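Please read the structure below before turning to the comments.
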There are 2 protein chains.
Amino acid sequence: MSIRSDVKTVIHDDLCEINLVDKRMVKKVIGKLEDDVALLELADLFKAFSDSTRIKILRALSISELCVCDIAAVAGISQSAVSHQLRFLRMSRLVKYRKDGKMVYYSLDDDHVRKLIDQGLEHVKEER
Amino acid sequence: MSIRSDVKTVIHDDLCEINLVDKRMVKKVIGKLEDDVALLELADLFKAFSDSTRIKILRALSISELCVCDIAAVAGISQSAVSHQLRFLRMSRLVKYRKDGKMVYYSLDDDHVRKLIDQGLEHVKEER
DNA sequence: TTAACATCTGAACGTATGCTCATATGAGCG
DNA sequence: CGCTCATATGAGCATACGTTCAGATGTTAA
């Protein structure tokens, strides 16, 4: 019930008071900012790209559709690890798959994925 | 010294032998794939975007330069947490800063960062 | 100099993450 | 049917990560 007077605290709801340097700009930024759910989804999207195994898989699939064991060969990791990561990518809707007998072939679900990887690679390459 | 006969094992160096379904395609993909270091850097780049606090900070900075305490206000988290994440982003060379007295103002280091966020947002918004 | 303030930093702690290992499922084949 | 192969999955474990807390640093102003 009491009003917090802790210096470090900023009450977020109504943008008050304490410790704000440029109140107007803070309001403006909060106004433009996407809602928390969207930003969480955005973070989760990038999370899919943030592991070296997964990015290798995604990059490989951006070159060609591949079956699970060939993905493992390309990425140089165990089939089990690949399978776990593919599940992650499937659930993130970044890859799709088709079954052919006992084989399962994976490919990118969406061209955005390719674009994101390309954009990222561009940045990485510039940093050299 | 002994040659592994474990079925699950694929010797990566010379693309051999066991469990490869489409040997030609595997070779082709490996040929096109960036080297491990580049892919690791790529994963690290995306890692910077993969946390909801960091993406919030980056997105806020893509709207306007802000000082630390205003970032904390916008993101709704403690100044200390912000500071730790800013260090991360600084070391990833995604943000730059200028000092003005005791204040420190952060902004995006590079337009690629903005592009990546925009591209990601586009994907997220389409998924609805 | 002292006080107040903005920011930074290290340690500690709980949680999330990615791997391995063992095993399950499910298709093709003899 | 029973075997093999391709893939999937659950448990367990070690490591990585993000936060908080306490305190350090550095700047401004009285």
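The values are calculated or read from the model by the stated rules, or taken from the named source; none is laboratory data. On a predicted model such as this, the values are computed, not experimentally measured, just so you know. Virtual Cβ from ideal backbone geometry, glycine too; neighbours counted across all protein chains shown. Keep in mind that these areas ignore ligands, DNA and RNA; they rest on the heavy atoms of the full protein, side chains included. Shrake-Rupley method; radii C 1.70, N 1.55, O 1.52, S 1.80 Å.
For this structure, a couple of remarks:
- Residue list for region B:31-41, restricted to those being within 7 Å of chain A (Cβ to nearest Cβ), among the hydrophobic types (A, V, I, L, M, F, W, C) and surrounded by fewer than 17 Cβ atoms within 10 Å (Cβ to Cβ): B:38, B:40
- Matching residues in region A:51-69 - criterion: being open to solvent by less than 10 Å² (accessible area, probe 1.4 Å) and of a type in the set (Gly, Ala, Ser): A:60
- Selection within region A:45-69 - at the interface with another protein chain (Cβ under 7 Å from one of its Cβ atoms) and hydroxyl-bearing (Ser, Thr, Tyr): A:50, A:52, A:64
- Members of region A:82-106 found to be aromatic (Phe, Trp, Tyr) and within 11 Å of chain B (Cβ to nearest Cβ), listed by number: A:105
- Set A:57, A:77, A:71, A:117: member being touching a residue at least 24 places away in the same chain (Cβ under 8 Å) and in a loop (DSSP other than H, G, I, E, B): A:77
- Among the residues of region A:82-92, those identified as part of a helix (DSSP H, G or I) and open to solvent by 10 Å² or more (accessible area, probe 1.4 Å) are A:83, A:84, A:85, A:87, A:88, A:90, A:91.
- For region B:86-102, the set of residues classified as more than 9 Å from DNA strand C (Cβ to nearest atom), in contact (Cβ under 8 Å) with a residue 12 or more places away in the chain and on the phi < 0 side of the Ramachandran plot consists of B:88, B:89, B:92, B:94, B:95, B:96, listed by residue number.
- Of the residues making up region B:99-115, just one is open to solvent by 40 Å² or more (accessible area, probe 1.4 Å), within 19 Å of residue A:42 (Cα to Cα) and touching a strand residue (DSSP E or B) at 6+ places or on another chain (Cβ under 9 Å), namely B:114.
- Some residue of region A:42-50 being more than 11 Å from DNA strand C (Cβ to nearest atom), surrounded by fewer than 21 Cβ atoms within 10 Å (Cβ to Cβ) and free of Cβ contacts under 8 Å to residues at least 12 places away in the same chain: no
- Scanning region A:70-81 for residues that are surrounded by fewer than 17 Cβ atoms within 10 Å (Cβ to Cβ) and more than 7 Å from chain B (Cβ to nearest Cβ) yields A:80, A:81.
- Flag set for residue A:109, criterion: more than 10 Å from every other protein chain (Cβ to nearest Cβ) and either among the aliphatic types (A, V, I, L, M) or closer than 29 Å to residue B:94 by Cα (or both).
- Only one of A:125, A:96 that is open to solvent by 50 Å² or more (accessible area, probe 1.4 Å) and either touching a strand residue (DSSP E or B) at 6+ places or on another chain (Cβ under 7 Å) or part of a strand (DSSP E or B) (or both): A:96
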